[in-house]
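Here's the structure we're looking at; comments come further down.
Each reported figure results from applying straightforward, stated rules to the coordinates on display, with no laboratory input. Keep in mind the model is a prediction, meaning the values are calculated, not measured. Because the Cβ atoms are built from the backbone with ideal geometry, glycine has one as well, and the counts that use them run over all protein chains shown.
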Amino acid sequence: MTALDSPIWGRSFSDDEMRAIFCSERYLAACTEVEVALARAQAGLGLIPAEAADGIAAASLQPLDHDRLARETEIVGYPILPIVEQLSVTAGEAGKYLHWGATTQDIMDTATVLQIRDGLDLVARRVEGVRRALAGLARTHRDTPMAGRTHMQHALPVTFGYKAATWLSGFDRHAERLEQLSPRVLNVQFSGASGTLASLSGRGLETQSALAAELGLGVPAITWHSIRDGIAETVQTLALIGGSLAKIAGDVAIMMTTELSEVAEPFVRHRGASSTMPQKANPISCELILAGARLMRNHASAMLDAMIHDHERATGPWHLEFSAVPEGFATISGMLAQAEFMLEGLRVYPENMGRNLDHSRGLIVAEAVMMALAPHTGRKEAHDIVYAGCRRAVEGSMSLYDALKDEVALTSHLEVELLKSLTEPRNYLGEAPEMVDRVLAGR
């Protein structure tokens with residue numbers, strides 16, 4: 001039992017719709033779907049009788065004996081021979097044309113691709129939901145000033161809309177990646193025992209194309225059953241999405257700390273509650289996303305190992321995919337669902353952002369003073385003058401303005417009113433709002 005399957009944790013870590021796509025029943029149905037599609041393709045080419053394809057299709061409607069299938073799969077090592085044996089009996093005379101010219105990996109790989117197609121569709125929809133939520137935050141808070149932080153300390157002012165737009169920019173690229181990925185991975189796998197389609201006597205490529213057409217998949221230039229970059233790229237892409245989600249979750253969790261209180265996850269009674277501390281509202285979605293990102297890293301790493309297939313059929317690496325692919329899709333679906341929930345209902349507190357922005361008493365815009373002074377003194381001397389003022393401000397618990405207003409080396413070049421303006425953090429947002437506009441353009 002894993003967290004993904006747990007009746008307790010399952011819905012926290014995985015989306016129900018994705019779980020249905022990658023459940024064992026769906027996988028077996030996909031394997032059967034490929035067998036039926038192969039029979040129809042071959043009947044269309046005259047390789048097997050049309051009535052045989054009809055009989056195989058009819059047999060596929062009967063339920064499989066799953067207990068027997070499990071026992072026989074444990075013996076054989078793969079489920080295809082046990083499936084074929086059951087279908088063959090049910091299909092009667094037509095059964096002798098089942099699995100014609102195919103090998104186990106042809107059926108299993110193509111079934112996996114069918115699941116991946118459905119899984120990528122769901123991921124793309126979830127990514128679009130995250131993009132909508134982020135675009136809404138970026139638009140609403142385009143001009144909401146807050147402290148930008150580097151190395152966990154105040155750096156320069158930004159806006160919360162700018163922050164959300166930077167998050168969004170990554171998901172715009174993920175949407176592109178998903179679109180670009182599909183032609184590379186959603187291809188039929190049908191190539192026979194060693195990949196040469198020798199069993200079909202010159203009709204193999206025709207059969208491959210016809211099977212692809214039946215299933216709505218692409219046709220590869222050459223067999224890929226031992227070249228696994230497409231499957232690996234799929235999981236790597238999911239892991240990249242997970243990394244971007246974790247970046248957001250990390251930022252939000254820190255912004256939710258009691259000392260900052262700049263945002264909060266959506267309010268649901270008892271969500272994030274503590275069993276002993278009634279005041280708590282923990283960042284539950286963030287925590288699940290951050291945990292999921294670490295799991296996704298493991299799946300991505302496993303898929304790099306799974307690429308190392310020996311010769312024309314691997315002795316073990318393929319089996320890594322049996323875990324990494326469904327678990328990777330399940331995990332990313334749960335992360336996306338948590339992110340969509342969190343971002344759509346995120347509570348934003350501009351007043352607290354403003355309070356935190358003012359916490360350093362203007363020190364956050366020391367750069368603004370330095371850059372205004374630099375044309376008069378040179379950048380290095382301006383830096384030294386302002387740096388000394390910053391130290392006085394820190395040691396004397398005073399504002400940056402008060403620490404600098406009597407500094408002759410500065411005031412001989414900058415008027416007092418200009419210094420007041422320069423030491424107001426809200427006046428030093430740079431191009432942040434315009435950058436938000438560029439990200440949002442065309443939405």
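Table for the structure above
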{"quantity": "Computed FRET value (nearest 0.05) for Ser421 with His319, which takes r as the C-beta separation and R₀ as 56 Å", "calculated": "0.30"}
{"quantity": "Highest average packing first - 285-295, 18-28, Cβ atoms within 10 Å", "calculated": "285-295, 18-28"}
{"quantity": "Zone residues, the range 291-318, relative to Leu81, backbone N less than 19 Å from point 7 Å out along Cα-to-Cβ", "calculated": "313-318"}
{"quantity": "Hz values of 3J(HN,Hα) by residue in the range 37-47 - Karplus curve (6.51, -1.76, 1.60), Gly and Pro given as x", "calculated": "4, 5, 4, 5, 4, 6, 5, x, 8, x, 7"}
{"quantity": "Taking the range 102-354 and dividing mean pair separation by its residue count, relative contact order in percent (alpha carbons under 8 Å, at least six apart)", "calculated": "23"}
{"quantity": "FRET E, pair Glu176, Arg347, Förster distance 41 Å, beta-carbon r, rounded to 0.05", "calculated": "0.85"}
{"quantity": "Mean Cα-pair separation over length for the chain, i.e. relative contact order, pairs under 8 Å, 6 or more apart, %", "calculated": "18"}
{"quantity": "Efficiency of FRET from Cβ geometry, Val394 and Glu128, R₀ 35 Å, rounded to 0.05", "calculated": "0.15"}
{"quantity": "Listed peptides 62-71, 372-381 by packing density, highest first (mean Cβ within 10 Å)", "calculated": "372-381, 62-71"}
{"quantity": "Potential extension, Ser412-Ser301 segment - 0.36 nm per residue separation minus Cα distance", "calculated": "33.9 nm"}
{"quantity": "Percentage, to the nearest whole number, of Cα pairs in the chain over 34 Å apart", "calculated": "50"}
{"quantity": "For the range 243-391: span of alpha carbons on each principal axis (Å, largest first)", "calculated": "72, 48, 26"}
{"quantity": "Once the Cα gyration tensor of the range 50-196 is diagonalised, semi-axes √(5λ) in Å", "calculated": "53, 15, 15"}
{"quantity": "Set of aspartates and glutamates near Lys380 by C-alpha distance (under 16 Å), chain-local residues within fewer than 8 positions excluded", "calculated": "Glu367"}
{"quantity": "Length added when fully stretched, Ala58-Thr2, from 0.36 nm per residue minus Cα-Cα", "calculated": "16.6 nm"}
{"quantity": "Cα long-axis angle, helix 317-344 against the chain (0 to 90 degrees, to the nearest 10)", "calculated": "40"}
{"quantity": "Two-decimal log10 I(q)/I(0) for the range 363-423, as the Debye equation yields it once each C-alpha is a single scatterer, q = 0.14, 0.21, 0.24 Å⁻¹", "calculated": "-0.30, -0.69, -0.92"}
{"quantity": "Distance in nm between pseudo-label sites at Asp16 and Arg203 (7 Å out along the Cβ direction from Cα)", "calculated": "4.7"}
{"quantity": "Inter-centroid distance (Cα atoms) of the range 364-406 relative to the range 48-125, Å", "calculated": "74"}
{"quantity": "Cross-link partners of Lys420 among lysines (Cα-Cα below 21 Å; sequence separation of 8 or more within a chain)", "calculated": "Lys405"}
{"quantity": "Diffusion constant of the range 313-443 at 20 °C, which comes from Stokes-Einstein with the Kirkwood Cα-pair radius and 1.002 mPa s, µm²/s", "calculated": "112"}
{"quantity": "Ranked by how many other beta carbons lie within 10 Å on average, peptides 347-353, 205-211 from highest", "calculated": "205-211, 347-353"}
{"quantity": "Simple label model, 7 Å out from Cα along Cβ direction - Ser194 to Tyr387, nm", "calculated": "7.1"}
{"quantity": "Label zone at Met371 (point 7 Å along Cα-to-Cβ), backbone N below 12 Å, the range 406-431", "calculated": "427-431"}
